[in-house]
Amino acid sequence: MARDRMHLGLLLLPAFLLAPIAGNACVCEGHSLETQEQVNTEVSAALENYSAIFSGEVIELTLLQVTFKTEHVWKGNKQATIVLSTGRTKVSERIYSDSSCTFGFSMGKRYVVFANTSTLGLLTDKCSLTMLIEKAERVIKSLDELAEAKGKKRLTPE
């Protein structure tokens, strides 16, 4: 009987070690993007709060950095490529640490990115308006309209 419990405990131990820790969950306020008016409100706030807003394709992806071929820039420096930190930090030779809020980019995909400057460089997360470009039609429309209202145009790097 005691031996059976020990075997059961050994079987359950790996599952326990793989279980997510509730205290590390990413908690975001959430964005109301159901109507164009809500999108405009969110994007207007983002234009004030983020240091870089651009669209681009992921052309290089490592554990620590993601490089974009820039398509359009609404805020920040006009550059042909922009490098973002993934948010991961190197703890030791083979161990990296990241947050549950780390945004997961995919190679070759196109995104609209809302990023801020951090100690790691430019950084975005799941709580920002960063999203795949195919889901960003209303966000892009709002960015263009708000930029035009301020007498600015979206920049296209050469």
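Just a few scattered comments:
- Cross-link pairs exceeding 18 Å in C-alpha to C-alpha distance, out of Lys69/Lys109; Lys90/Lys126; Lys69/Lys150, comprise Lys90/Lys126; Lys69/Lys150.
- Residue separation of Leu63 and Cys127 scaled by 0.36 nm, minus their Cα-Cα distance, works out to 21.0 nm of gained length.
- Whole-Hz ³J(HN,Hα) from phi, Karplus 6.51 cos²θ - 1.76 cosθ + 1.60, for the range 138-144, glycine and proline x: 6, 5, 5, 4, 5, 4, 4
- All Cα-Cα distances of the range 52-158, cut into 5 Å bins from zero to the largest, leave 2, 13, 23, 25, 19, 10, 5, 2, 1, 0 percent in each bin in turn.
- The GluC sites (Glu not before Pro) of the range 55-114 meeting both criteria, a DSSP state outside H, G, I, E and B (loop) and at most 15 other C-beta atoms within 10 angstrom of the site's C-beta, are Glu93.
- Between Glu134 and Ser106, full extension at 0.36 nm per residue minus the direct alpha carbon distance yields a gain of 8.7 nm.
- Listed values for the range 122-133 are Karplus-derived 3J(HN,Hα) couplings in whole Hz (6.51 cos²θ - 1.76 cosθ + 1.60, θ = phi - 60°), namely 5, 8, 10, 8, 5, 7, 7, 7, 4, 7, 4, 4, and x replaces Gly and Pro.
- In this structure, Ala45 and Ile95 have a Cβ-Cβ separation that, at R0 = 30 Å, corresponds to a calculated FRET efficiency of about 0.25.
Since every read-out is calculated from the coordinates, none of them should be taken as a lab result. Because the structure is a prediction, the values reported are computed rather than measured. Note that each Cβ is placed from the backbone with ideal geometry, even for glycine, and that neighbours are counted across all protein chains shown.
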